[in-house]
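Input: a single structure, listed below in structure tokens.
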Amino acid sequence: MRLVKNFLERFQKLLPPDGALKKTIADAASFVANVPITKADVSLSHGVAFINASSVAKSALRVKRQAILEYIFSRIPNARDKVRDIR
């Protein structure tokens, strides 16, 4: 008899779609750093999430970068493969 986890092994490495990941990044930045960010302000490129915001907002995001990444990884565990840094 085979276990259910054996049937679901191929789905464990699926990555989240970019839209869901962008929304989670925007939510994390808004929640952790109290900076109003929308999904349209976030772009992903080569493992880096670029956030389009003012210089004051970017400095607040830079200070709380680690807490934002932890929030993202707690919501979407597979995001570690797509996001390594926030700028």
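Values in this text are rule-based calculations from the coordinates and carry no lab data. All values derive from a computational prediction rather than experimental measurement. Backbone-built Cβ (ideal geometry, glycine too); neighbour counts: all protein chains shown.
Annotations for the structure displayed:
- Close amide H pairs (under 5 Å, H built 1.01 Å from N) link residue 38 with no residue at least 5 positions away or on another chain.
- Each residue of segment 43-55 was assigned a 3J(HN,Hα) from its phi angle through the Karplus expression (A = 6.51, B = -1.76, C = 1.60, θ = phi - 60°), giving 10, 10, 8, 6, x, 10, 9, 9, 10, 8, 7, 6, 5 Hz with x at Gly and Pro.
- The HN-Hα couplings worked out from phi for segment 29-41 by the Karplus form 6.51 cos²θ - 1.76 cosθ + 1.60 (θ = phi - 60°) are 5, 5, 6, 7, 9, 6, 10, x, 10, 9, 4, 6, 7 Hz, whole numbers, x standing for Gly and Pro.
- Listing 70, 9 from fewest to most neighbouring C-beta atoms within 10 Å gives 9, 70.
- Cβ-based net charge around residue 65, under 12 Å, with every Lys or Arg adding one and every Asp or Glu removing one: +3
- Over the chain, relative contact order from alpha-carbon pairs under 8 Å, at least 6 apart, %: 33 percent
- Per-residue ³J(HN,Hα) for segment 62-71, Karplus 6.51 cos²θ - 1.76 cosθ + 1.60, θ = phi - 60°, Hz, x for Gly and Pro: 5, 5, 9, 4, 5, 5, 5, 4, 4, 5
- Per-residue [θ]222 nm for the chain (sum of -39500 (n - 2.57) over DSSP H runs n ≥ 4, rounded to 500): -13500 deg cm²/dmol
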